[in-house]
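Sharing a structure below in structure tokens format, with a few things to ask.
The values are calculated or read from the model by the stated rules, or taken from the named source; none is laboratory data. These figures come from a predicted structure and were not determined experimentally. Virtual Cβ from ideal backbone geometry, glycine too; neighbours counted across all protein chains shown. Ligands, DNA and RNA are excluded from the accessible area calculation, which covers all protein heavy atoms including side chains. Shrake-Rupley method; radii C 1.70, N 1.55, O 1.52, S 1.80 Å.
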Amino acid sequence: MNKIKKLLVINGPNINMLGIREPEIYGNKSYSDLIEMIQKYCMENNIEVSFYHSNHEGDIIDCIQSAFDNYDAIVINPAGYTHTSVSIADAVAAVNIPTVEVHISDPDRREDFRKISYIRKYCVKTICGLGFDGYIEAIKFLNS
């Protein structure tokens with residue numbers, strides 16, 4: 001990978017409910033805490049970072065498509081769309097931007113339906129089960 005200058009972090013459905021939704025799985029920190037942690041890391045590493053969150057599949061696809069020629073890399077947590085959205089996977093494949101799939105929990109240790117990831121094939125790496133630190137690991141990987 002090349003050093004990244006511009007990074008897009010995309011979060012899917014219910015990630016905005018961090019700290020409220022199932023804290024035994026996702027922890028007690030909020031979505032704002034996540035954004036703040038990533039911003040701090042990116043600032044320290046001279047990476048311009050933008051964030052996008054949506055609960056709507058088409059909006060996430062539009063965001064991925066608009067990243068074409070505008071970002072060096074993407075970190076995406078498609079959340080529930082991981083297991084259902086061929087269209088988000090197709091968008092990642094279409095833009096051909098190095099993308100890391102991140103999950104706060106480890107889907108392989110949860111319900112069977114969560115073990116399916118349509119997007120994984122089109123990502124350069126998948127990081128699961130590291131909590132918020134998974135986002136930082138993704139950025140480190142993309143920036144190496």
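Residue check: is ASN46 within 22 Å of PHE141 (Cα to Cα), at pLDDT 95 or above and either assigned to a loop (DSSP other than H, G, I, E, B) or open to solvent by 60 Å² or more (accessible area, probe 1.4 Å) (or both)?
When the stated conditions are applied, ASN46 passes them.
Filter segment 43-78 down to the residues that are touching a Pro at 6+ places or on another chain (Cβ under 9 Å) and more than 10 Å from VAL9 (Cβ to Cβ) and list them by number.
SER54, ASN55, HIS56, GLU57, ILE60, ASP72, PRO78
Within segment 126-141, does at least one residue satisfy the condition of being within 11 Å of the chain's Cα centre (by Cα), outside any strand (DSSP E or B) and free of Cβ contacts under 8 Å to residues at least 60 places away in the same chain?
Checked segment 126-141: at least one residue is within 11 Å of the chain's Cα centre (by Cα), outside any strand (DSSP E or B) and free of Cβ contacts under 8 Å to residues at least 60 places away in the same chain.
Can you name every residue in segment 61-96 that is touching a residue at least 60 places away in the same chain (Cβ under 8 Å), assigned to a loop (DSSP other than H, G, I, E, B) and open to solvent by less than 40 Å² (accessible area, probe 1.4 Å)?
Correct list: PRO78 only.
For the list (1) in contact (Cβ under 8 Å) with a residue 12 or more places away in the chain; (2) open to solvent by 40 Å² or more (accessible area, probe 1.4 Å), I need the number of the one condition that ASP112 fails.
Unmet for ASP112, out of (1) in contact (Cβ under 8 Å) with a residue 12 or more places away in the chain; (2) open to solvent by 40 Å² or more (accessible area, probe 1.4 Å): (1).
Let me confirm something: among LEU18, LEU8, which residue is hydrophobic (A, V, I, L, M, F, W, C), touching a Lys or Arg at 6+ places or on another chain (Cβ under 7 Å) and surrounded by 14 or more Cβ atoms within 10 Å (Cβ to Cβ)?
Of LEU18, LEU8, the one residue that is hydrophobic (A, V, I, L, M, F, W, C), touching a Lys or Arg at 6+ places or on another chain (Cβ under 7 Å) and surrounded by 14 or more Cβ atoms within 10 Å (Cβ to Cβ) is LEU18.
Let me ask you something else. Restricting attention to segment 21-40, report how many residues are exposed (fewer than 15 other Cβ atoms within 10 Å of the Cβ) and either outside any helix (DSSP H, G or I) or not acidic (Asp, Glu) (or both).
9
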